[in-house]
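Since the structure comes first, as structure tokens, the remarks are kept for the end.
The values are calculated or read from the model by the stated rules, or taken from the named source; none is laboratory data. Bear in mind that the values here come from a model prediction, so they are computed numbers and not experimental data. No Cβ is skipped: glycine too gets one built from the backbone with ideal geometry, and neighbour counts run over all protein chains shown.
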């Protein structure tokens, strides 16, 4: 990867397994997996999948927390020429069932902890024939490690071209159903190469992966990027308890910390007695670089973090459809407040108005992106692909401006989307579930600013005549049907929703808190929840 782009991700791992064979690729708790072991494990699992009939272009879903098995599974799947479908492990059965059915996944790799959800979701996915469990055995499942142990690798050359799909990552949809972004080997490898150029990392680095691996930002920057270099990855199962994260930063001598604004906010405001400050700085001395992505980084958090830890914190911008990184603030050079930096190498950007006319410097309009990182399209959604990719330009749906030095500033969002700790939530997803409740007549969901999560959903509800419902009952109902990060932080009951003359709900008015109708509000704080 230093001098040239590998043809595909399988070739990338194979080459680095030869070069860095005894070096630790993955740290996880007290476990170490070398590059040689990672390559061998993925090869044996790949054969086990082939023994079950998985073949090129088949879809295999991953429904896991952060673990070495996630990485092994990914490379095992693509080694066949099959397509990996990483799924948010916080989703409930209805949400998971939709993705399994829509993708046509033939097999799912999961954990015993998620088996009830998986079994319920399978009822909605007629193509899904097999379940593989990484940490146990249950009826009608296969054990991950037994599959590997029983597999004798029968080496066969499977041609995998750069423009073939490696992953389908599902993003929340404006119509209520997620869409699968098809990312090719070339998309992902080009984005990795661009990131390396932007942030100056090498095989000597140890990246921490505390963000969920199913997320495009985490998988590209925390997994594919370090593996392409021959660097190490320290995998953290979950961000809570946070002391475990800090302990790993110190014990594993982390050099690159990739996170989201809420994590850096916690670190920036952690109380460190003055007498221990120099000791803490010495303990984290190997840490040379921090990267923030997935949602906007407040300027005050950036300043507070860098003042406290004396480590550069670089903000980037991207979206799943761009594999995902579009820009980074430069490691060496000017960092401009409130900017998401400069486009990475190989990526072009421009700003257009609503008639697709390119705007001059500092003109505000929609941000468009072009490059080898732009997805192939949405799976089985040609019409929606044509709407978002025109003449090879990706329409991001973000309103932005570009200054005279080429720095990008995100101003607003064109799409009706809420960003909760870097995870996209479309209000219509929540509204559809609310409107299925027999007592609810109308519902509207908006995003409100939140210091720790970036944004949080708030629901406004109009009940049917003579019906009664409490906020806690609404939340309980939603928790059965939606992932926790989509649950509104507050619920407000009202007599009517503000609307235009044509009946469209005025969400801007709801966001501004100027709804004049009466009602009661129940605020439910999901304190400490890191999504």
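Looking at 349, 374 in this structure, which one is crowded, with 17+ Cβ neighbours inside 10 Å, under 23 Å from the mean Cα position of the chain (by Cα) and not in a strand (DSSP E or B)?
On the way: 349 fails: not in a strand (DSSP E or B).
Just a single option satisfies the conditions, and that option is 374.
Yes or no, residue by residue, for (1) outside the structural domain of residue 73 (by TED's automatic domain parsing); (2) surrounded by 20 or more Cβ atoms within 10 Å (Cβ to Cβ); (3) on the phi < 0 side of the Ramachandran plot:
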position	(1), (2), (3)
226	yes, yes, yes
232	yes, yes, yes
244	yes, no, yes
253	yes, no, no
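Please find, among 394, 478, the residue that is outside the structural domain of residue 91 (by TED's automatic domain parsing), touching a residue at least 40 places away in the same chain (Cβ under 8 Å), touching a helix residue (DSSP H, G or I) at 6+ places or on another chain (Cβ under 7 Å) and assigned to a strand (DSSP E or B).
Values: 478 fails: assigned to a strand (DSSP E or B).
Within the list 394, 478, the selection yields 394.
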* Only one of these conditions is not met by residue 212: (1) crowded, with 23+ Cβ neighbours inside 10 Å; (2) more than 19 Å from residue 46 (Cβ to Cβ); (3) at pLDDT 95 or above. Which number is it? -> (3)
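Quick check on my filter: what residues within the range 241-259 are modelled with pLDDT of 85 or more and outside any helix (DSSP H, G or I)? Break it down stepwise before answering.
First pass over the range 241-259, keeping only residues modelled with pLDDT of 85 or more: 244-259.
Residues satisfying the conditions are 252, 253, 254, 255, 256, 257, 258, 259.
Kindly evaluate residue 26 against the criterion of being in a helix (DSSP H, G or I) and surrounded by 19 or more Cβ atoms within 10 Å (Cβ to Cβ). Full working, then the answer.
On the way: in a helix (DSSP H, G or I): no; surrounded by 19 or more Cβ atoms within 10 Å (Cβ to Cβ): yes.
No; evaluated as a whole, the condition is false for this residue.
Can you find a residue in the range 353-361 that is surrounded by 19 or more Cβ atoms within 10 Å (Cβ to Cβ), in contact (Cβ under 8 Å) with a residue 24 or more places away in the chain and assigned by TED's automatic domain parsing to the domain that holds residue 212?
To start, the set of residues in the range 353-361 that are surrounded by 19 or more Cβ atoms within 10 Å (Cβ to Cβ) comprises none.
Within the range 353-361, not a single residue is surrounded by 19 or more Cβ atoms within 10 Å (Cβ to Cβ), in contact (Cβ under 8 Å) with a residue 24 or more places away in the chain and assigned by TED's automatic domain parsing to the domain that holds residue 212.
Would you mind finding the one in 424, 373 that is assigned by TED's automatic domain parsing to the domain that holds residue 194 and within 24 Å of residue 212 (Cα to Cα)?
On the way: 424 fails: assigned by TED's automatic domain parsing to the domain that holds residue 194.
After applying the criteria, what remains is 373.
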* Asked: Just wondering, is there one or more residues in the range 266-288 that are in contact (Cβ under 8 Å) with a residue 24 or more places away in the chain, touching a helix residue (DSSP H, G or I) at 6+ places or on another chain (Cβ under 8 Å) and under 30 Å from residue 180 (Cβ atoms)?
  -> no
* Quick one: is residue 216 more than 30 Å from residue 377 (Cα to Cα) and under 18 Å from the mean Cα position of the chain (by Cα)? -> no
